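Readers should treat all values here as calculations from the given coordinates under stated rules, not as data from a laboratory. This one's a predicted model, so the numbers in the text were calculated from it and none came from an experiment. Every residue, glycine among them, receives a Cβ derived from its backbone with ideal geometry; neighbour counts consider all protein chains shown.
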Amino acid sequence: MQRPHLSRTPLSIATQRQTVRRTLLSSALVASVLLGSSMAQAAPVALNIPSQSLASALNEFGKQANLQVLYSPDQVQGITSRGVSGSLEPVKALETLLQGSGISYQLNGDTVILNAPQGKGLELGATTISGQGLGTSLTTEDTGSYTTGATNSSTKLPLSIRETPQTVTVVTRQNMDDQGAQSIGDVLRNAPGISTQAYDSDRMEYSARGYAITNYQFDGVNSMYDGVFDEGATKVDMALYDRVDIVKGATGLLSGSGEPSATVNMIRKKPTREFKASITGSVGSWDNYRTEGDISGPLNEDGSVRGRLVGVYQDADSYIDHYSRKNDVFYGIIEADLTPDTTLTFGMDYQNIKPRGSSWTGNPYYFSDYSKTDFSRSFNPATDWSRRDVQAQTTFASLEHRFANDWKIKGTLNQQTNDHDTQLGSASGGMPDPVTGEGMFFYWGKWEGHRVQTTADINASGPFTLFGREHELVVGYTSQDSRQTGATFDGSLFEMVPGSIFDWNGHYPEPNFPKNGKYETNQNQNSAYIAARFRPTDDLSLILGTRVSDFQYNSTYKYYEQTSTFSDNKTTSKQHGRVTPYAGVVYDINDTYSAYASYTSIYKPVTDRSITGTTLAPTEGNSYEMGLKAEYFDGRLNASVAAFRTEQKKLPIQVGTNPNTNEGIYESLDGATTKGIEFELTGEVMRDWNVIAGYTYAQTKSDDGERVYGYPLETTKPENVAKLFTTYRLPGVLNKVTVGGGVNWQSPFYGKIYNDAKGDYDIIEQHSYALVNLMTRYEYNDHLTFNLNADNVFDKKYLSGLGNFNTTYYGAPRSLMLTTKYTF
């Protein structure tokens with residue numbers, strides 16, 4: 001289908017208006033008789049159009065359905081449309097939008113012409129609207145919605161949430177704004193089914209279904225994640241993003257390898273065809289100041305070239321003593337329609353994170369007499385010069401061409417550059433005397449690293465006909481390469497903390513860290529993938545896919561004293577032709593409910609080594625899921641219930657430390673099984689009432705029935721996680737006020753602390769806890785809004801980290817954030 005170029009043609013002269021009106025209407029009448037109503041037979045498309053003004057709704061309808069809509073602004077002035085969401089035939093969607101307006105329509109091929117309501121004349125100002133496809137280009141910004149009509153984050157096929165045979169959580173722009181989410185960590189902390197545990201002041205681990213999340217994507221492009229250094233993956237600033245798709249469970253078809261937890265796909269904001277701009281300022285607890293600027297619009301007269309710029313500056317202290325962080329963010333993107341069917345995208349983003357007073361681990365759990373410590377939540381064991389500086393820059397480009405038969409081909413190239421400068425001093429070692437506070441020692445460390453990873457992806461997708469029915473296919477190839485280099489410095493300096501730990505204030509002379517080595521790590525993954533969605537009947541769809549991958553990993557650590565190399569530590573791993581199959585089936589029970597089931601295999605290369613120095617075998621397994629999904633209120637509210645089971649073999653667990661290299665010694669766990677259930681409800685319960693809620697139960701046990709602990713956080717994951725957040729816009733004269741709130745609850749989790757007195761581990765527990773959050777928004781006028789967010793309003797004291805180097809870490813106390821936004 002040929003997509004016309006977007007244009008707006010105001011006809012101000014009466015003669016021109018009448019000429020255009022007669023020409024269009026007469027042409028439409030003749031064409032509709034000769035050509036018939038091709039839109040009436042059009043296949044269903046995934047739509048997500050919230051209730052809004054009819055003019056805005058028609059604009060979105062034209063974009064999402066790839067149709068031209070011609071109407072007069074006078075026709076639709078003051079009319080509010082119903083919302084439309086889900087996989088619908090365009091004509092049915094249009095009828096829903098126009099319901100109650102008295103407006104009828106005529107069809108001319110791929111053009112829709114609205115007729116005036118009875119008793120009104122038609123003065124036509126023509127608006128031609130061009131759709132730009134589905135999937136990642138379907139934005140949630142400015143929709144006010146808590147859900148979306150389509151996402152391709154699970155299979156690279158544009159499917160609605162109901163059509164996807166896995167649990168998918170979509171965190172929209174509106175939800176992020178309502179909850180005051182400034183980073184991806186804020187998003188995950190509040191997302192259904194996700195639990196959070198802290199390494200220290202700067203590093204968090206996010207988990208789903210019993211395992212850490214290690215797969216992070218940007219516009220569907222994979223990114224390699226280093227959970228130890230965390231070079232920015234869990235610190236990404238959300239000012240750049242339209243929404244976050246979280247696909248639960250194993251996602252080997254998308255990523256090739258990884259934990260069977262979830263894949264987090266961050267969808268960038270896109271340039272707009274209309275000018276828009278905003279300035280946002282925030283002030284919060286502990287001197288947290290933040291400013292955002294966002295400007296977008298056409299760069300030429302016809303809007304075929306569009307651009308967007310986003311900038312952020314944040315300067316914040318913390319609830320922990322002598323800790324602060326500065327954050328600079330820049331994002332620029334340009335979209336150019338080279339032809340009506342070819343779009344070129346180019347952009348870059350940059351983030352510079354500079355914390356000071358960064359802790360390495362937390363507080364000791366035991367006093368020297370093995371009684372429990374009780375440090376203040378504000379206590380910071382770090383020195384005031386301790387830091388984890390991160391600079392992350394991404395340059396990206398894509399070229400997409402849409403063919404007349406609804407096929408498209410897209411090539412994407414991403415290059416991410418990450419630099420980290422880590423220098424740590426933390427008074428976290430040992431066990432202090434309960435009376436004098438003496439006996440603690442420092443954990444020292446200094447590392448520098450530079451990583452460049454390049455990812456190229458090309459894929460083609462579109463419909464095909466088989467046995468008289470239309471189906472969908474995507475086929476592609478991905479190449480990902482990463483090279484990381486850096487230097488290590490002598491961290492073996494053993495220094496006792498002077499005096500009492502109770503008098504610690506972070507002031508301590510910065511030592512000289514002599515360089516003692518360098519390292520280089522190279523990783524490469526090449527994958528070919530294919531997925532097809534077959535439609536044997538109108539109510540049944542079958543998704544089959546596979547990914548074939550080659551993996552290569554090699555690392556070299558050279559430790560030396562002055563100019564003499566004394567250790568050359570190498571690790572190499574290769575796997576070829578690893579096949580990751582995927583299968584899913586969805587059956588539409590009726591217009592509301594669908595049943596589904598899916599299967600995928602699990603594969604994760606392992607670089608950990610045994611006590612003999614050999615590299616452990618890869619982790620392998622299978623993941624199964626089945627459930628029921630529902631779309632209520634024309635798709636404005638999505639619900640799902642799922643049961644899942646994950647089976648894995650050869651999981652690496654740490655059993656010791658090599659005293660020569662200070663690296664971990666691992667062995668493979670024979671097997672582990674996770675089983676559980678998950679519920680989610682997201683969207684609009686009724687007009688002006690949004691909700692995102694979920695409950696997950698996931699129990700992970702080894703084959704011998706024991707708990708499974710992670711590393712470097714030697715903890716289990718909470719088996720139960722429940723989250724609810726909701727907002728309601730007040731009616732009548734109070735309709736400028738929106739109120740909301742929610743609760744995040746999780747069951748106990750357990751950590752291991754080594755007890756020298758008995759020569760074995762003690763199992764410690766963080767009991768179940770709930771955090772209550774509240775918000776309110778006041779819309780002063782169409783341009784100015786005020787948001788107030790309160791987190792942990794009952795000031796719950798809890799541990800968010802257990803067992804990292806025998807320490808614990810407190811979660812954040814109550815905080816407030818006031819945000820003011822002005823839109824132009």
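Here is how the numbers come out for the structure above:
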quantity: Residues L816, L47, sorted so that the one with the fewest Cβ neighbours within 10 Å comes first; calculated: L816, L47
quantity: Partner lysines for K574 [C-alpha distance under 29 Å; skip if fewer than 8 residues away on the same chain]; calculated: K156, K248, K518, K558, K604, K649, K650
quantity: Residue order, fewest to most surrounding Cβ atoms within 10 angstrom, among T820, T164; calculated: T820, T164
quantity: Protection proxy ranking of 260-271, 747-758 - average other beta-carbon atoms within 10 Å, highest first; calculated: 260-271, 747-758
quantity: Whichever lysines have a C-alpha closer than 16 Å to that of K276, once near sequence neighbours (fewer than 8 apart) are set aside; calculated: K821
quantity: Global form of region 174-214, assessed from the alpha-carbon gyration tensor, a/c cut-off 1.5; calculated: oblate
quantity: Lysines whose Cα lies under 24 Å from that of K92, excluding same-chain neighbours fewer than 8 positions away; calculated: K63, K629
quantity: In degrees, nearest ten, helix 54-65 long axis to first principal axis of the chain (Cα); calculated: 70
quantity: Rounded tilt (10° steps) of 14-35 against the dominant C-alpha axis of the chain; calculated: 90
quantity: Over region 382-478, relative contact order from alpha-carbon pairs under 8 Å, at least 6 apart, %; calculated: 27
quantity: Ascending count of other beta-carbon atoms within 10 Å, so fewest first, for S324, S296; calculated: S324, S296
quantity: Mean-position separation - Cα centroids, region 254-282 and region 430-494, in angstrom; calculated: 18
quantity: Global geometry of region 151-264, whether rounded, prolate or oblate, following the gyration tensor of its Cα atoms and the 1.5 cut on a/c; calculated: oblate
quantity: Correct choice for Kirkwood radius over Cα pairs in Å that was computed from the model, options (i) 28.5; (ii) 33.0; (iii) 35.0; calculated: (i)
quantity: Shape call, region 736-777: gyration tensor on alpha carbons, a/c limit 1.5; calculated: prolate
quantity: Full-extension gain in nm, W745 to T537, via 0.36 nm per residue minus C-alpha separation; calculated: 70.7 nm
